[in-house]
Amino acid sequence: MPSEPKSFFLLWNGDKDTIGDREKMIAVTSQGDVEPGDWSFGQGYNDPRSGDIVYLLRTGQSRGIVASGWITSDGCWWGRHWADSEKDAPYVDVAWDAAVDDDHRLPTEIVQDALLPEFKFPVQSSGRKIPEPSASVLAALWAKHLDDTARETGSRYLGGRARRPEDRVSEQIPLHRNTCRSYDVNSFASFEAVRVEAALVDRFATWLSKDSHKVAGYRLWCRGIERPLFADLFDATDNVLYEAKASASREAVRMALGQLLDYSRHISPSPRLAVLLPESPADDLVNLLSDYGVACVVEISDGRFVKTVNATQNLPVPEGL
């Protein structure tokens, strides 16, 4: 049985060079979208897993929580230390779902007063786990703060929280190149698989764009969910929705099929559907997709794609899809 998500503090010292494009992060999340990124995770302890919740706590001046999100892949990966190029440090992949400027931060003093004795300040390093019941107290405090901020700023969606259900509209969004958008299933995929899928989507988007096809992402809202779903790629020219996978395994193809059937229920007019793979799957999997009216598109060389009918017969893409 899946465990309940854990909660962590990530630390930011306020240095603009270490956060990337903060203004974009704020703008994207204020519209209900999710901004992908990564962040250092202390010593890499506490077993971070996909779905765990993170709060970005600014230290130094203007102290307080300035963003939140969730971890999108299991465990940490190692990269160059953010402050010392001679060292490596552990990082986690994050989907930021809310970000605010310093004027709308949740001040550290308020957080400290609200949290129960189980949690002690100050926070000394990124990746510090927030135990219960402090984690639940903080979640409620942050949710109220976002609602108040949304009303003050006029944001329709802040942190994925529309003030009215009817404000949540499934719609095309700009395609985030080099970034996998399927955050709802990252527990199924490894960190490396997510990277492979992102690169595959990027190459296919380039292929379609050469033929003047308009490509986009797609954000989907479903009744009863607090976070939007994101489809990998939408060909607006031909009304085709694609779901990419890092392999042509049975598990991957079945997962992609289920996602597409789910996503398509929330898009009007109903799109045609296609699975995007790095190689041809077994013939019976192609037949399985065909039974549900789903095409199978594979990469036959770096940046060239075809529709697979079976192991020996291919057709041009997008013609014949």
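Here are a few things to note about the model shown:
- Förster radius 30 Å - calculated FRET efficiency between residue 112 and residue 4 (Cβ-Cβ, nearest 0.05): 0.80
- Proximity of backbone amide H atoms, modeled 1.01 Å from N, is registered between residue 8 and 53, 54, 55, 130 at under 5 Å, excluding neighbours fewer than 5 places apart on the same chain.
- Gain upon complete extension [residue 223, residue 87; 0.36 nm per residue less C-alpha separation]: 44.4 nm
- Taking the average, over residues, of other Cβ atoms within 10 Å as the packing measure, peptides 65-73, 127-135 rank 65-73, 127-135 from highest down.
- Restraint check, 16/129; 129/245; 214/307; 144/214; 6/144; 87/120, Cα-Cα greater than 27 Å: 129/245; 144/214; 87/120
- Interchain or long-range residues, amide H under 5 Å from residue 98's placed H: 68
- For residue 206 and residue 77, the FRET efficiency from 1/(1 + (r/R0)^6), where r spans their Cβ atoms and R0 equals 30 Å, is about 0.70.
- Check: the range 18-159 dipole with +1 on Lys, Arg Cβ and -1 on Asp, Glu Cβ, in debye: 200 debye
- For the range 1-112, accessible area per residue (1.4 Å probe, heavy atoms of protein chains only), Å²: 48 Å²
- Computed 3J(HN,Hα) for the range 233-246, one whole-Hz value per residue from the Karplus formula 6.51 cos²θ - 1.76 cosθ + 1.60 where θ = phi - 60°, is 7, 10, 8, 5, 5, 9, 6, 10, 9, 10, 10, 9, 9, 7, glycine and proline marked x.
- Taking the range 61-159 and dividing mean pair separation by its residue count, relative contact order in percent (alpha carbons under 8 Å, at least six apart): 26 percent
- Evaluated over the range 267-310, the Cα radius of gyration and Dmax, each in Å: 11.2, 33
- Taking amide H as placed 1.01 Å from N in the peptide plane, the amide H of residue 237 sits under 5 Å from that of 214, each at least 5 places away or on another chain.
- Volume of the Cα convex hull of the range 1-151, divided per residue and given in Å³: 115 Å³
- Remark: the residue 292-residue 238 segment gains 17.6 nm on full extension, using 0.36 nm per residue and subtracting the alpha carbon distance.
- Comparing 116, 106, 94 along the charge dipole axis of the range 1-141, the residue lying farthest to the positive side is 116, per the Cβ-charge model.
- Spin-label model, residue 45/residue 136: points 7 Å from Cα along the beta carbon direction are separated by 2.6 nm.
The values are calculated or read from the model by the stated rules, or taken from the named source; none is laboratory data. Source: prediction; values computed, not measured. FYI the Cβ positions are ideal-geometry reconstructions off the backbone, even for glycines, and counts take in every protein chain you see. Each accessible area value is taken on the protein alone, full model and side chains, heavy atoms only, with ligands, DNA and RNA left out. Shrake-Rupley method; radii C 1.70, N 1.55, O 1.52, S 1.80 Å.
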